[in-house]
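Where a number appears in this text, it was derived from the coordinates with a stated rule and is not lab data. These numbers were taken from a predicted model, which means no experiment stands behind them. Neighbour counts run over all protein chains shown; Cβ positions are idealised from the backbone, glycine included.
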Amino acid sequence: MAMESPVYMLLAATPALLALVPAASIYKSGIAAENAVAPYITIQEIATTPQNYVAGRPGIDTFRPTVKVMAETEGQCRKIAELVRDALELDGHCLIADGPEQDTETRLFVHFSDWHFHINR
């Protein structure tokens, strides 16, 4: 099985997104650094499963990541979420997108999107 989904690679290869969120502010662990400054993006791998066959080894792995955008303003959050969508939708399928909503604890605006990717081994 592949070790991680292509999400980070796709986001880090998108110049328009990197103009607003540096690659160092895209966190693959699902958790931002304690001193993270908005805007930032977290990627959490919800599930990775092989596409099993009756005979032979799986030829495809399925990844299900959640991407979370955190930003100081609703407009900034929405713009970054649109850039995330544009970077991912040619390779993956968006299952659901929600937000932006203001987080009551951090007062930052947050947008969630769940994705589904099929990657050949």
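Numbers for the structure displayed
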read-out	value
Net dipole in debye of the chain [+1 Lys, Arg Cβ; -1 Asp, Glu Cβ; about Cα centre; nearest 20]	360 debye
Alpha-carbon Debye profile of the chain, log10 I(q)/I(0) at 0.16, 0.18 Å⁻¹	-0.72, -0.88
Residue exposure sequence - ILE41, ILE119 - by fewest surrounding Cβ within 10 Å	ILE119, ILE41
Sparse-neighbourhood loop sites, chymotrypsin sites (Phe, Trp or Tyr not before Pro) in region 13-62 - DSSP loop, at most 13 other Cβ within 10 angstrom	TYR53
R0 of 30 Å, Cβ-Cβ distance VAL37-HIS118: FRET efficiency to nearest 0.05	0.30
Options ALA32, THR104, ILE46, ranked by Cα towards positive dipole end of the chain, top entry (Cβ charges)	ILE46
Expected 222 nm ellipticity per residue - DSSP helices of 4 or more, -39500 (n - 2.57), all of the chain, to 500	-5500 deg cm²/dmol
Angle in degrees between helix 74-88 and the longest Cα principal axis of the chain, rounded to the nearest 10	20 degrees
